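Colleague: Would you mind keeping the following structure in view while I ask a few things?
The values are calculated or read from the model by the stated rules, or taken from the named source; none is laboratory data. Quick caveat: nothing in here was measured; it's all calculated off a predicted structure. Every residue, glycine as well, gets a Cβ built from its backbone with ideal geometry; the counts of neighbours run over all protein chains shown. When the accessible area is computed, the model is the full protein with side chains, heavy atoms only, and any ligands, DNA or RNA have been set aside. Shrake-Rupley method; radii C 1.70, N 1.55, O 1.52, S 1.80 Å.
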Amino acid sequence: LHLKMKMTKKRPLSLLVLAVSPTISKAFSVHPPAISSALRLPAVARPRTHPRPPTSRSTLQTSPSPTDECEYANDEYGAFDFAITDSTNLPDSLRPSPLEAISNPRDLLAVLLLSCGVVVSYFNITGQYGDAYQHWEQLSVLLGFASLVAALIQLRMGYEISPRPRRGVIDDSCMNLYAGLYSGFVSWLALRASTFCPLFLERMDGIVPWLASLVFGFSLAAPIITLAENEKSGATNGADNSSSISGTIAKLARRSTGLSASAADQLRIPNALSDTELFRTKGLLAIGVLGCVFVPDCISFAIGSSSWWDRVAAVHPSQQLLESSTALFALYSTEASMVATRAANKGVAEYRVMVPIFAGVCLALAIVPCACSLYWLGDDVSFFSFYRE
């Protein structure tokens, strides 16, 4: 009875994480066909008239999945990659190992951050919130900001970014830019809500929280727009809608790679998503439901600033610890998502294999420790009322 009473005093954000986790699994339950999506693009298909040339590991990232009916010719951007067609028919002998896939600076930084997540999650599961926990929180925040910087450098250099423009949030440059910004702003929230927030950050409450709200809101809005306009494209028989909202999102993201405004405006955005891209976008929609839950926190910081947050800390002593920890759980989930996406794009495994792995990582680094933190901190945190303190 005492345990039930403690668990009823939890704040909505953590309960929402637990409540919608089955939704994420359901969204990923469809097995996307890898080849039928590419067959919707006849302009780049040709009958097979000669034996398929051998494939080397170095070309796995941009090589199409082999089929019996046809092979896919290179367009001006190169061969279609697994982010579009998936790697269902790729022989296991040609798949890179997970270690080979993450042997690059971008993924090594992400793995380092996830390693910190393992320690932070352990402390939350066991209820240890001492000085050591704070040190690991600080290291996670630092690596979260480093992830944002790395994403911006990666985009500017075009490092492991597909040059082929796609629609909306599924465009490779858009997804990497969004993930980098999300990691940066969720790290800001973890730091701002913590007990070790620096004074200069408090003075930026008139600007940063509003920017963070836009990024967190984008996590839900972008997949919805991409899916809605994909359906609209099908209803209009594939009429060119590169000037649509999702097309504009992709073009703006492409400018982060150094592309000029005029060159970005001339990009031809595909009329529709492939089946694999549709599968991925639905998954992003499920993730976006969780990604946008930090918007109320940001608005509260923007309006109330330190005076509001000091009142909350006085009334609810553990609220700072819970808010900071919850933000870090989102950071770990974002990094795990991008590692899984990049691995699937390289052909390590199909998306239907990588998605359960990603879900398992989120369970270990976000959902379980979040539930445990509610148990340990439940008596000293607020449910809804702290927004009105």
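Colleague: Only one of Leu139, Leu148, Leu114, Leu181 is surrounded by fewer than 24 Cβ atoms within 10 Å (Cβ to Cβ), in a helix (DSSP H, G or I) and in contact (Cβ under 8 Å) with a residue 40 or more places away in the chain. Can you tell me which?
Modeller: Details: Leu139 fails: in contact (Cβ under 8 Å) with a residue 40 or more places away in the chain; Leu148 fails: in contact (Cβ under 8 Å) with a residue 40 or more places away in the chain; Leu181 fails: in contact (Cβ under 8 Å) with a residue 40 or more places away in the chain.
After applying the criteria, what remains is Leu114.
Colleague: Between Val339, Val295, which is surrounded by fewer than 21 Cβ atoms within 10 Å (Cβ to Cβ) and modelled with pLDDT of 95 or more?
Modeller: Numbers: Val339 fails: surrounded by fewer than 21 Cβ atoms within 10 Å (Cβ to Cβ).
Val295 is the lone residue from the list that is surrounded by fewer than 21 Cβ atoms within 10 Å (Cβ to Cβ) and modelled with pLDDT of 95 or more.
Colleague: Separate question: Scan the stretch 316-324 and give yes if some residue there is more than 20 Å from Leu181 (Cβ to Cβ), in contact (Cβ under 8 Å) with a residue 60 or more places away in the chain, open to solvent by 50 Å² or more (accessible area, probe 1.4 Å) and out of contact with any Cys (no Cβ under 7 Å at 6 or more places or on another chain), otherwise no.
Modeller: yes
Colleague: How many residues does the stretch 269-292 contain that are in a loop (DSSP other than H, G, I, E, B) and open to solvent by 10 Å² or more (accessible area, probe 1.4 Å)? Before you say what the answer is, go through the steps one by one.
Modeller: If we filter the stretch 269-292 for residues that are in a loop (DSSP other than H, G, I, E, B), which is where we start, we get 269-274.
Cutting the leftovers down to open to solvent by 10 Å² or more (accessible area, probe 1.4 Å) gives us 270-272.
Count: 3.
Colleague: Any residue in the stretch 282-303 that is more than 30 Å from Ser324 (Cα to Cα) and within 20 Å of the chain's Cα centre (by Cα)?
Modeller: First pass over the stretch 282-303, keeping only residues more than 30 Å from Ser324 (Cα to Cα): none.
No, that holds for no residue.
Colleague: Name the residue that is least open to solvent (accessible area, probe 1.4 Å), counting only residues in the stretch 213-227 that are touching a Leu at 6+ places or on another chain (Cβ under 7 Å) and more than 17 Å from Phe294 (Cα to Cα). Outline the logic, then answer.
Modeller: Filtering the stretch 213-227 down to residues touching a Leu at 6+ places or on another chain (Cβ under 7 Å) leaves 215, 223-224, 227.
Restricting the remaining residues to those that are more than 17 Å from Phe294 (Cα to Cα) gives 223-224, 227.
Working: Pro223: 3, Ile224: 84, Leu227: 29 Å².
So the residue we want is Pro223.
Colleague: Test of understanding: among Ser260, Ser274, which residue is without any contact (Cβ under 8 Å) to a residue 40 or more places away in the chain and either of a type in the set (S, T, N, Q) or over 30 Å from Gly144 (Cβ atoms) (or both)?
Modeller: Details: Ser274 fails: without any contact (Cβ under 8 Å) to a residue 40 or more places away in the chain.
Every option except Ser260 fails the conditions.
Colleague: Something else: Can you tell me which residue in the stretch 200-212 is farthest from Leu139 (Cα to Cα), limited to those that are free of Cβ contacts under 8 Å to residues at least 60 places away in the same chain and open to solvent by 100 Å² or more (accessible area, probe 1.4 Å)?
Modeller: The qualifying residue farthest from Leu139 (Cα to Cα) is Ile207.
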